[in-house]
Amino acid sequence: MTGKLILVRHGETEGNVAKILDTRLPGLPLTERGAAQAKTFGANLVDPPQRLFSSEALRARQTGSYIEAATGVPLVALEGLQEVQLGDLEGLNTRDAHETFQDIYHAWHFDDLSLRVPGGESGRDVLDRYVPALERIRADYLTDPDAPDVILVSHGAAMRLVSRELTGVPRSFAANNHLDNTETIELLPVAGGGWECTRWGRYLPPFGDDIAPTGDDPMG
């Protein structure tokens, strides 16, 4: 069995604490707690990954740097893997702004990918920039049956949308179950070019529609 692609949500940021919709590059930094989360994640890895990547966002690169320090695997930042871009909602922390994004984001999960955040991206835009980067990682590093895992530090809302699209986990599960800081979605390459989800945060398969939703803090 080949290695997995392990998508890791970055550590806690100043934006997470203040509930700020923070998506534009480079973005806000990690808090002290976020740095500690990243250090713990790296220290708890049983085996080092063969490659370590992150988005270009500051919080993802900082999280990756702590994993690099723990494993000795050099971090490389890749284009196209940033969080959903929120346009006119950027920098806001109001209830209305969060609800506007939540409504659009849930619509994406239920197959209206053309809906666009005001001044920002559609669900299709996110998939069109993000999925090709994952497929390049797969082609370059996850075709050998003995290949070790690859780690990619990324962002909660984008990770959930892309992983649902690639693996077909139930729509309501993906829409309603967010990821805490440094939680993972693990994707296993399968024959024919597809992917299987083997972990979603605290959950292992099967991922049922009947799993109670977690409190939703999607951004990061």
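The values are calculated or read from the model by the stated rules, or taken from the named source; none is laboratory data. This structure is a prediction, so every number in the text was calculated from the model and none was measured. Positions of Cβ are backbone-derived with ideal geometry, glycine not excepted, and every protein chain shown enters the neighbour counts. Quick note on the areas: whole protein, heavy atoms, side chains included, nothing else; ligands and nucleic acids left out. Shrake-Rupley method; radii C 1.70, N 1.55, O 1.52, S 1.80 Å.
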Quiz item: What are the residues in the range 13-42 that are within 18 Å of residue 81 (Cα to Cα) and in contact (Cβ under 8 Å) with a residue 60 or more places away in the chain, if any?
Solution: 13, 21, 22, 23, 24
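Within the range 14-39, take every residue that is buried (at least 17 other Cβ atoms within 10 Å of the Cβ), among the small types (Gly, Ala, Ser) and out of contact with any Asp or Glu (no Cβ under 7 Å at 6 or more places or on another chain) and give me the one that is farthest from residue 161 (Cα to Cα). Quick ask: steps written out before the conclusion?
Just the residues of the range 14-39 that are buried (at least 17 other Cβ atoms within 10 Å of the Cβ), to begin with: 15-16, 20-23, 27-28, 30-31, 34-35, 37-39.
Next, from what is left, pick out any that are among the small types (Gly, Ala, Ser): 15, 27, 34-35, 38.
This time we only want the ones that are out of contact with any Asp or Glu (no Cβ under 7 Å at 6 or more places or on another chain), so: 27, 35, 38.
Details: 27: 20, 35: 25, 38: 23 Å.
Checking each candidate, the answer is 35.
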Quiz item: Which residues, taken from the range 90-137, are touching a Leu at 6+ places or on another chain (Cβ under 7 Å), of a type in the set (D, E, K, R) and open to solvent by less than 70 Å² (accessible area, probe 1.4 Å)?
Solution: 90
Quiz item: Which one of the conditions (1) touching a Leu at 6+ places or on another chain (Cβ under 9 Å); (2) modelled with pLDDT of 95 or more; (3) over 28 Å from residue 139 (Cβ atoms) does residue 69 fail to meet, given that it meets all the rest?
Solution: (1)
Quiz item: If you scan the range 180-202, which residues turn out to be touching a helix residue (DSSP H, G or I) at 6+ places or on another chain (Cβ under 9 Å) and modelled with pLDDT under 95?
Solution: 193, 194
Practice problem: Being touching a residue at least 40 places away in the same chain (Cβ under 8 Å) and touching a strand residue (DSSP E or B) at 6+ places or on another chain (Cβ under 9 Å) is the filter; apply it to the range 163-177 and report the residue that is nearest to residue 38 (Cα to Cα). | Solution: 163
Quiz item: Got a number for residues in the range 138-150 being open to solvent by 10 Å² or more (accessible area, probe 1.4 Å) and touching a residue at least 24 places away in the same chain (Cβ under 8 Å)?
Solution: 9
Quiz item: Pick from 65, 55: which is small (Gly, Ala, Ser), crowded, with 16+ Cβ neighbours inside 10 Å and within 22 Å of residue 197 (Cβ to Cβ)?
Solution: 55
Quiz item: Applying the selection to the range 48-63, what residues are more than 18 Å from residue 130 (Cα to Cα) and touching a Leu at 6+ places or on another chain (Cβ under 8 Å)?
Solution: 62, 63
Quiz item: Any residue at all in the range 124-131 that is closer than 17 Å to residue 56 by Cα and touching a Phe, Trp or Tyr at 6+ places or on another chain (Cβ under 7 Å)?
Solution: no
Quiz item: If we keep just the residues of the range 3-35 that are out of contact with any helix residue (DSSP H, G or I) (no Cβ under 9 Å at 6 or more places or on another chain) and hydrophobic (A, V, I, L, M, F, W, C), which is modelled with the lowest pLDDT?
Solution: 18
Practice problem: Give 42, 80 a once-over and let me know the one that is crowded, with 21+ Cβ neighbours inside 10 Å and of a type outside the set (S, T, N, Q). | Solution: 42
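Quick test for you: out of 136, 116, pick the one residue that is more than 16 Å from the chain's Cα centre (by Cα), under 18 Å from residue 88 (Cβ atoms), at pLDDT 95 or above and among the charged types (D, E, K, R). Give the steps one after another, and end with the answer.
On the way: 136 fails: under 18 Å from residue 88 (Cβ atoms).
Sole residue among the options that is more than 16 Å from the chain's Cα centre (by Cα), under 18 Å from residue 88 (Cβ atoms), at pLDDT 95 or above and among the charged types (D, E, K, R): 116.
Quick check: anything in the range 91-106 part of a helix (DSSP H, G or I), in contact (Cβ under 8 Å) with a residue 24 or more places away in the chain and hydrophobic (A, V, I, L, M, F, W, C)? Write out each step before concluding.
So in the range 91-106, the residues part of a helix (DSSP H, G or I) come out as 95-106.
Subset that is in contact (Cβ under 8 Å) with a residue 24 or more places away in the chain: 97-98, 101-102, 105-106.
Now narrow it down to the ones that are hydrophobic (A, V, I, L, M, F, W, C): 97, 101.
Checked the range 91-106: at least one residue is part of a helix (DSSP H, G or I), in contact (Cβ under 8 Å) with a residue 24 or more places away in the chain and hydrophobic (A, V, I, L, M, F, W, C).
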Quiz item: If only one of 11, 87 is open to solvent by less than 20 Å² (accessible area, probe 1.4 Å), of a type in the set (Gly, Ala, Ser) and in contact with a Gly (Cβ under 9 Å, 6 or more places away or on another chain), which one is it?
Solution: 11
